[in-house]
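Everything on this sheet refers to the single structure shown next.
The values are calculated or read from the model by the stated rules, or taken from the named source; none is laboratory data. Small disclaimer: the values here were computed from a predicted structure and weren't measured. Neighbour counts are summed over all protein chains in view; Cβ atoms, including those assigned to glycine, are modelled from backbone coordinates with ideal geometry.
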Amino acid sequence: MSSYSNFNQLRTTELTALRSGFWQPDYILTDGQFEYGKLTRPSFGYKEGEIETAAGTFMLKKASFWGFSLNILLNDEIIGTLKRNIWDNRTDLNLNSGLSAWFVRTPGEGIFTRKTSWMSAEGELVTIKSTFKYSKPFAVTLANPDKQTENLLLLALIGIHLRLMKNARAAAS
């Protein structure tokens with residue numbers, strides 16, 4: 001946890017997710033110089049995940065066995081929920097800090113786009129693009145560099161987790 005740089009030190013809006021490992025890869029969010037966080041997924045149960053940042057270790061746990069919801073935990077305390085709506089292909093996020101956002105295909109990009117975004121009432125927050133490279137599978141763009149908060153880093157890593165879940169569902173069908 002202490003090996004990650006504080007998000008306030010970020011001076012760019014472009015980040016890259018580096019893949020580390022073959023069978024159970026970790027995804028490390030970096031700007032090329034510093035590492036800001038890491039997403040780890042267990043070998044069994046592709047819905048769950050662990051996100052490590054300078055702010056702490058966040059856990060993504062299923063809310064129930066049958067549902068499409070995930071709880072976001074920090075120190076075994078629920079700080080937010082993710083709920084996937086299967087009818088409009090959108091995932092809603094509600095954090096206890098007051099942030100409400102939804103994860104959708106980037107508007108205006110067409111049906112075959114590789115970009116997905118976290119949107120809020122204020123507009124686009126984070127954009128995640130698949131790059132089809134093995135060692136650098138995702139490119140992350142922060143929409144507003146003036147409003148960079150620790151939540152944007154969490155949104156970026158959760159977005160990568162959601163993209164990986166979508167890829168797993170597509171491969172299984």
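Descriptive notes on the structure:
- Of the residues screened, residue 105 is one that is in contact with a strand residue (DSSP E or B) (Cβ under 7 Å, 6 or more places away or on another chain) and among the basic types (Lys, Arg).
- Within region 58-76, considering residues that are within 22 Å of residue 102 (Cα to Cα) and of a type outside the set (A, V, I, L, M, F, W, C), the one modelled with the lowest pLDDT: 67
- Wholly enclosed strands (runs of 3 or more DSSP E) of region 12-99 bearing at least 1 residues closer than 21 Å to residue 127 by Cβ, in contact with a His (Cβ under 7 Å, 6 or more places away or on another chain) and acidic (Asp, Glu): none
- Some residue of region 25-35 being touching a Leu at 6+ places or on another chain (Cβ under 7 Å) and of a type in the set (Gly, Ala, Ser): no
- Against the numbered list (1) acidic (Asp, Glu); (2) assigned to a strand (DSSP E or B); (3) out of contact with any Ser or Thr (no Cβ under 7 Å at 6 or more places or on another chain), residue 109 comes up short only at (2).
- For region 103-139, residues that are of a type in the set (Asp, Glu) and modelled with pLDDT of 85 or more total 2.
- Selection from region 90-114 of residues that are in contact (Cβ under 8 Å) with a residue 24 or more places away in the chain and not polar (S, T, N, Q): 93, 95, 99, 101, 103
- Residue list for region 139-170, restricted to those being in contact with a helix residue (DSSP H, G or I) (Cβ under 7 Å, 6 or more places away or on another chain) and either closer than 20 Å to residue 108 by Cα or in a loop (DSSP other than H, G, I, E, B) (or both): 140, 142, 148
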